[in-house]
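S.K.: Take this structure first; my questions come after.
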Amino acid sequence: MQLNKRNWDDFAHARWRVQFLRHLLQMHQTSPKRGSAAWAHDEEEYLDRLEAAEKELARFPEEWHTLPEGEIPR
């Protein structure tokens with residue numbers, strides 16, 4: 001995959017999405033409604049979304065993961 005603006009933007013969004021969903025899942029796990037049927041349904045949905053986001057992020061070259069956040073490197 002070529003490192004260009006569009007691919008870099010897609011990669012940055014995928015990285016952000018994984019971080020966001022991990023944080024959302026952490027917050028969800030501290031909910032006072034933990035253990036309820038609705039909580040379990042939400043938990044399953046968050047885990048599915050996180051798995052999909054991680055798969056999307058994994059399609060980008062490994063060396064991109066060590067580059068700093070921000071604009072595309074030149």
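S.K.: Could you go through the stretch 48-59 and let me know if any residue there is outside any helix (DSSP H, G or I) and either at pLDDT below 90 or touching a strand residue (DSSP E or B) at 6+ places or on another chain (Cβ under 7 Å) (or both).
M.R.: Kept after step one, since they are outside any helix (DSSP H, G or I), are these residues of the stretch 48-59: 59.
Going one step further and asking which of them are either at pLDDT below 90 or touching a strand residue (DSSP E or B) at 6+ places or on another chain (Cβ under 7 Å) (or both), we end up with none.
Scanning the stretch 48-59, I find no residue that is outside any helix (DSSP H, G or I) and either at pLDDT below 90 or touching a strand residue (DSSP E or B) at 6+ places or on another chain (Cβ under 7 Å) (or both), so the answer is no.
S.K.: For the list (1) of a type in the set (Asp, Glu); (2) surrounded by fewer than 11 Cβ atoms within 10 Å (Cβ to Cβ); (3) in contact with a helix residue (DSSP H, G or I) (Cβ under 9 Å, 6 or more places away or on another chain), I need the number of the one condition that Glu44 fails.
M.R.: Result: Glu44 fails condition (3) only.
S.K.: Now for a separate question. Inspect the stretch 52-74 for any residue being in contact with a Leu (Cβ under 8 Å, 6 or more places away or on another chain), closer than 20 Å to Trp16 by Cα, in contact (Cβ under 8 Å) with a residue 40 or more places away in the chain and aliphatic (A, V, I, L, M) and give the result as yes or no.
M.R.: Within the stretch 52-74, one or more residues are in contact with a Leu (Cβ under 8 Å, 6 or more places away or on another chain), closer than 20 Å to Trp16 by Cα, in contact (Cβ under 8 Å) with a residue 40 or more places away in the chain and aliphatic (A, V, I, L, M).
S.K.: In addition: Would you pick out the residues in the stretch 1-46 that are of a type in the set (Phe, Trp, Tyr), closer than 30 Å to Glu63 by Cα and free of Cβ contacts under 8 Å to residues at least 12 places away in the same chain?
M.R.: Filtering the stretch 1-46 down to residues of a type in the set (Phe, Trp, Tyr) leaves 8, 11, 16, 20, 39, 46.
Now drop any that are not closer than 30 Å to Glu63 by Cα, which leaves 8, 11, 16, 20, 46.
Across the stretch 1-46, the qualifying residues are Trp16, Phe20.
The values are calculated or read from the model by the stated rules, or taken from the named source; none is laboratory data. Note that the coordinates shown come from a computational prediction; the quantities given were computed from them, not determined experimentally. Methodologically, a virtual Cβ is constructed for each residue, glycine included, from the backbone with ideal geometry; neighbour enumeration extends over all protein chains shown.
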